[in-house]
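Q: Below you will find the structure I want to go over with you.
The values are calculated or read from the model by the stated rules, or taken from the named source; none is laboratory data. Bear in mind the structure is a predicted one, so any value in this text is a computation, not a measurement. Every residue, glycine as well, gets a Cβ built from its backbone with ideal geometry; the counts of neighbours run over all protein chains shown.
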Amino acid sequence: MLQEQQKLRIMIITALFAAIIGILAQVTIPLPLVPITGQTLAIGLAATILGSTYGTISVLLYILLGAVGIPVFAGFSAGVSVVVGPTGGFIVGFIPAAFAIGWYLERTSFNFVNAMAANTIGMLITLSFGAAWLKVAADLSWGAALLGGFAPQFIVVGLIKAALASWIGVLVRNRLASANILFTEKKSA
């Protein structure tokens, strides 16, 4: 019975993080071509708190909700057209980013320094996918795609969001674990 309760808890928390990603996606700073959104902060939080498997599942659930028409993408947009559109590479890039963040932390430890490194790697993965996709989807040159999707403002804001996701994520993960709400596996030496 206890194991079933743990599974139910993690499924609920995973679904809640899909909703949190959708909510933070609405926090936007409009820019030409690609806006700055709260999605990447939420992706970092999900992966830092839940780890690679459940963090990635929460991202997949978020993308599925948006693809089927629930307006969870930035600007309350939805549909497959958003996923395959010019900014779709960022959305698709959230999947490997969440996995990489969680994977890195599971192999090191869930502290701020490791979380900052993991979230910075996740940010670079997301920006790389986004810029490459932008080049193809918008038929841009590499220079224009990099400027539009990997511009300095994205890196600066991305580092700020990585720091926030690291600090809040480690804090929340530790509190959930100590309250026996999130069960964490111990690494074997």
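Q: Determine the pairs where a residue that is within 15 Å of residue 45 (Cβ to Cβ) and buried (at least 19 other Cβ atoms within 10 Å of the Cβ), located within the stretch 12-31, has a partner that is modelled with pLDDT under 95 and of a type in the set (S, T, N, Q) with Cβ atoms under 8 Å apart, the partner being 6 or more residues away or on another chain.
A: 21/39; 24/37; 24/39; 25/37; 25/39
Q: Moving to a separate point now. May I ask you to verify whether residue 69 is crowded, with 18+ Cβ neighbours inside 10 Å and at pLDDT 95 or above?
A: Working: crowded, with 18+ Cβ neighbours inside 10 Å: no; at pLDDT 95 or above: yes.
Taking the combined requirement at face value, the residue does not satisfy it.
Q: Could you go through the stretch 99-110 and let me know if any residue there is crowded, with 17+ Cβ neighbours inside 10 Å and farther than 22 Å from residue 14 by Cβ.
A: Checked the stretch 99-110: no residue is crowded, with 17+ Cβ neighbours inside 10 Å and farther than 22 Å from residue 14 by Cβ.
Q: Which number in (1) assigned to a helix (DSSP H, G or I); (2) of a type in the set (Val, Ile, Thr); (3) over 20 Å from residue 174 (Cα atoms); (4) at pLDDT below 95 marks the one condition that residue 10 misses?
A: (3)
Q: For the stretch 48-66: of the residues being among the small types (Gly, Ala, Ser) and either more than 17 Å from residue 23 (Cα to Cα) or in contact with a His (Cβ under 7 Å, 6 or more places away or on another chain) (or both), which is surrounded by the most Cβ atoms within 10 Å (Cβ to Cβ)? Lay out the reasoning, then the answer.
A: Keep residues of the stretch 48-66 that are among the small types (Gly, Ala, Ser), which gives 51-52, 55, 58, 66.
Restricting the remaining residues to those that are either more than 17 Å from residue 23 (Cα to Cα) or in contact with a His (Cβ under 7 Å, 6 or more places away or on another chain) (or both) gives 51-52.
On the way: 51: 23, 52: 18.
Out of the qualifying residues, it is 51.
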